[in-house]
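A.B. asks: Before I ask anything, let me first share the structure, which is written out below as structure tokens.
The values are calculated or read from the model by the stated rules, or taken from the named source; none is laboratory data. These figures come from a predicted structure and were not determined experimentally. Every residue, glycine among them, receives a Cβ derived from its backbone with ideal geometry; neighbour counts consider all protein chains shown. For the accessible areas, the whole protein counts, side chains as well, though only heavy atoms, and no ligand, DNA or RNA atoms are used. Shrake-Rupley method; radii C 1.70, N 1.55, O 1.52, S 1.80 Å.
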Amino acid sequence: MKSIGSPVKVGKMDATSYSSIASEFGVRGYPTIKLLKGDLAYNYRGPRTKDDIIEFAHRVSGALIRPLPSQQMFEHVQKRHRVFFVYVGGESPLKEKYIDAASELIVYTYFFSASEEVVPEYVTLKEMPAVLVFKDETYFVYDEYEDGDLSSWINRERFQNYLTMDGFLLYELGDTGKLVAIAVIDEKNTSIEHTRLKSVIQEVARDYRDQFHRDFQFGHMDGNDYINTLLMDELKAPTVVVLNTSNQQYFLLDRQVESAEDMVRFINSILDGTVEAQGGDSILQRLKRIVFDAKSTIVSIFRSSPLMGCFLFGLPLGVISIMCYGIYTADTDGGYVEERYEVSRGETEGQDAPEASGEQQEPRTGGCAAPALQAPKDELEKKTD
């Protein structure tokens, strides 16, 4: 940041030593990256790479809405950014909403403003003012009647129509409310099945953009490990899965996708509700998730380090077993002692009667009962001790 002349200063803080400051800024996990600008603190939620962090700092530290004074500047921005938003027009209530949305979503994308003369000639605007998003070598115009809230629309449209998926990106797509159609493939496998499926998804994303871009996000994922963990299923690549990241539901096709027409029919059947959704976030699914995560964790530990797995799980089990054995044997011995004590007390009480009769007969026996009475008392005192 210093070498490129950025005004942003970079620092670090140990939140365990300065817990009051961490609490003031709402730090809930580590590492947390924030950019402080005036009275505002912006959270960084992008990939943890140097280039992405620098891009975030440059975007947030600059103007909230950057003006585009000329067509040359517009073309420069269009070459540099894959996705960006533009407000076209003068002062209006729509501009106020645009500013509010920009202050909330500047952490994700760029916001610009321009006059109608600066916008490229191929852009057709039915009314002014207008908000546009430029991406995928085309543009889309915000329609308040069809698209609803402006901030929600910007949040949905801030991604390219076709993406290379990973776990972080799927998490981010959960806020858009879109369904995500993914071709699960092995990029190292150059067989026709894998390459064809990827081409089919790309074709649908390109040729049916106007029809599906409001409801669907398209992409591919390399490998099936993450998707199997997410769905708690065993999908074999290549295959197609459609995810609803907002409620953990997913849709599977019961046959292979052979063409773009097959994929379009599958998408239409999802939209009209003829395809049954699987998964979800019900209580049963949450319990299933707990069991699945526990099983996966145990298996991964034993696969990576069998000795460590035996130590981690064997030692607690051994300690618990010893404790249970000790408790069991202690209860058994206690019952045995109590039983012996009851028997001894019964014997003593049984001998009390002869003692009394012996005292009555003492003149005739000549004092022979006293030694016989002393022995049970001594025995009872030993057992009591």
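A.B. asks: Give me D for the stretch 89-155 in µm² s⁻¹, whole number, from Stokes-Einstein with Rh from the Kirkwood sum over alpha-carbon pairs, 20 °C and 1.002 mPa s.
C.D. replies: Diffusion coefficient, whole number: 169 µm²/s.
A.B. asks: With every protein chain present, what is the per residue accessible area of the stretch 1-102 (1.4 Å probe, Å²)?
C.D. replies: With the other protein chains kept in place, the stretch 1-102 gives 70 Å² per residue.
A.B. asks: Provide the per-residue ³J(HN,Hα) series for the stretch 154-164, in order, calculated from phi with Karplus coefficients 6.51, -1.76, 1.60 and θ = phi - 60°, each as a whole number of Hz, with x at glycine and proline positions.
C.D. replies: Whole-Hz 3J(HN,Hα) from phi for the stretch 154-164: 4, 5, 6, 8, 7, 10, 5, 5, 10, 9, 8.
A.B. asks: Ordered by residue, what ³J(HN,Hα) values in Hz, to whole numbers, does the stretch 275-282 give under the Karplus form 6.51 cos²θ - 1.76 cosθ + 1.60, where θ = phi - 60° and Gly and Pro are x?
C.D. replies: 9, 6, 7, 10, x, x, 10, 6
A.B. asks: With all protein chains present and a 1.4 Å probe, how do Glu104, Glu261, Glu24 order by accessible area, largest first? Don't skip to the end; give the middle numbers.
C.D. replies: Working: Glu104 115, Glu261 90, Glu24 135 Å².
So the residues, ranked largest to smallest area, are Glu24, Glu104, Glu261.
A.B. asks: Taking the chain as the reference, fit the longest principal axis to its C-alpha atoms, fit the long axis of helix 260-271 to the helix C-alpha atoms, and give the angle between the two in degrees, 0 to 90, nearest 10.
C.D. replies: Helix 260-271 and the main axis of the chain meet at about 60 degrees.
A.B. asks: Turning to a different aspect of this structure: Going by amide H atoms built from the backbone, whose H comes under 5 Å of the H on Tyr110, apart from near neighbours?
C.D. replies: Amide H to amide H, under 5 Å and 5 or more residues apart or across chains, Tyr110 pairs with Phe85.
A.B. asks: Using every Cα-Cα pair within the stretch 45-112, state what percent have a distance larger than 20 Å. Don't skip to the answer; put the middle values down first.
C.D. replies: Details: 730 of 2278 pairs.
Everything past 20 Å amounts to 32 percent.
A.B. asks: On to the next question. Taking Cα atoms, how many degrees apart are the long axis of helix 283-304 and the longest axis of the chain, rounded to 10 and kept between 0 and 90?
C.D. replies: It is inclined by approximately 80 degrees.
A.B. asks: Over the stretch 135-293, one equal point on each Cα, no solvent: what is log10 I(q)/I(0) by the Debye formula at q = 0.10, 0.18, 0.19 Å⁻¹?
C.D. replies: -0.36, -1.18, -1.30
A.B. asks: Quick one: with all protein chains in place, what share of the accessible area of the chain is carbon or sulfur, to the nearest percent (1.4 Å probe)?
C.D. replies: It is 54 percent, rounded to a whole number.
A.B. asks: Okay, next question. Name the residues whose placed amide hydrogens come within less than 5 Å of the amide hydrogen of Gln249, ignoring near sequence neighbours (fewer than 5 apart) on the same chain.
C.D. replies: Amide H neighbours of Gln249, under 5 Å, 5+ apart: Asn244, Gly280.
A.B. asks: For a quick check of your reading of the filter: which trypsin sites (Lys or Arg not before Pro) in the stretch 249-334 sit in a DSSP loop and have no more than 10 other Cβ atoms within 10 Å?
C.D. replies: Arg255
A.B. asks: Specify the angular offset, from 0 to 90 degrees and rounded to the nearest 10, of the alpha carbon long axis of helix 192-207 from the longest principal axis of the alpha carbons in the chain.
C.D. replies: 60
A.B. asks: Just by accessible area at a 1.4 angstrom probe, what is the order of Ser6, Ser152, Ser246 from largest to smallest?
C.D. replies: Listed by decreasing accessible area, they come as Ser246, Ser152, Ser6.
A.B. asks: Given only helices, namely DSSP H runs of n ≥ 4 each adding -39500 (n - 2.57), what is the per-residue ellipticity at 222 nm of the chain, to the nearest 500 deg cm²/dmol?
C.D. replies: For the chain, the value works out to -16000 deg cm²/dmol.
A.B. asks: Ok, one more. Please compute the volume of the convex hull spanned by the alpha-carbon atoms of the chain and report it per residue in Å³.
C.D. replies: Considering the Cα atoms of the chain, their hull volume per residue is 313 Å³.
A.B. asks: Once amide H atoms are placed 1.01 Å from N in the peptide plane, what residues at a sequence separation of 5 or more from Ala15, or on another chain, have their amide H within under 5 Å of its amide H?
C.D. replies: Long-range HN contacts for Ala15: none found.
A.B. asks: List the lysines whose Cα sits under 21 Å from the Cα of Lys188, skipping any in the same chain fewer than 8 residues away.
C.D. replies: Straight-line reach from Lys188, under 21 Å: Lys198, Lys236.
A.B. asks: Binning at 5 angstrom from zero up to the longest distance, how are the C-alpha pair distances of the stretch 253-306 distributed in percent?
C.D. replies: 4, 15, 14, 12, 10, 12, 14, 11, 6, 2
A.B. asks: In a Gaussian network model over the chain where Cα atoms closer than 10 Å are linked, find which of Pro67, Pro238, Pro306 has the largest mean-square fluctuation.
C.D. replies: Ranking Pro67, Pro238, Pro306 by mean-square fluctuation puts Pro306 first.
A.B. asks: Holding the Cα-Cα limit at 18 Å, pick out from Lys79/Lys126; Lys95/Lys178; Lys37/Lys135; Lys12/Lys37; Lys12/Lys50; Lys79/Lys135 the pairs that are longer than that.
C.D. replies: Too far apart for the 18 Å limit: Lys79/Lys126; Lys95/Lys178; Lys37/Lys135.
A.B. asks: If you don't mind, there's one more thing I want to ask. In a GNM of the chain with a 10 Å cut-off on Cα contacts, which of Ser19, Ser296, Ser61 has the highest mean-square fluctuation?
C.D. replies: Ser19
A.B. asks: Out of the stretch 6-99, which trypsin sites (Lys or Arg not before Pro) are coil in DSSP terms and have no more than 15 other C-beta atoms within 10 Å?
C.D. replies: Lys9, Lys12, Arg28, Arg45, Arg48, Arg82
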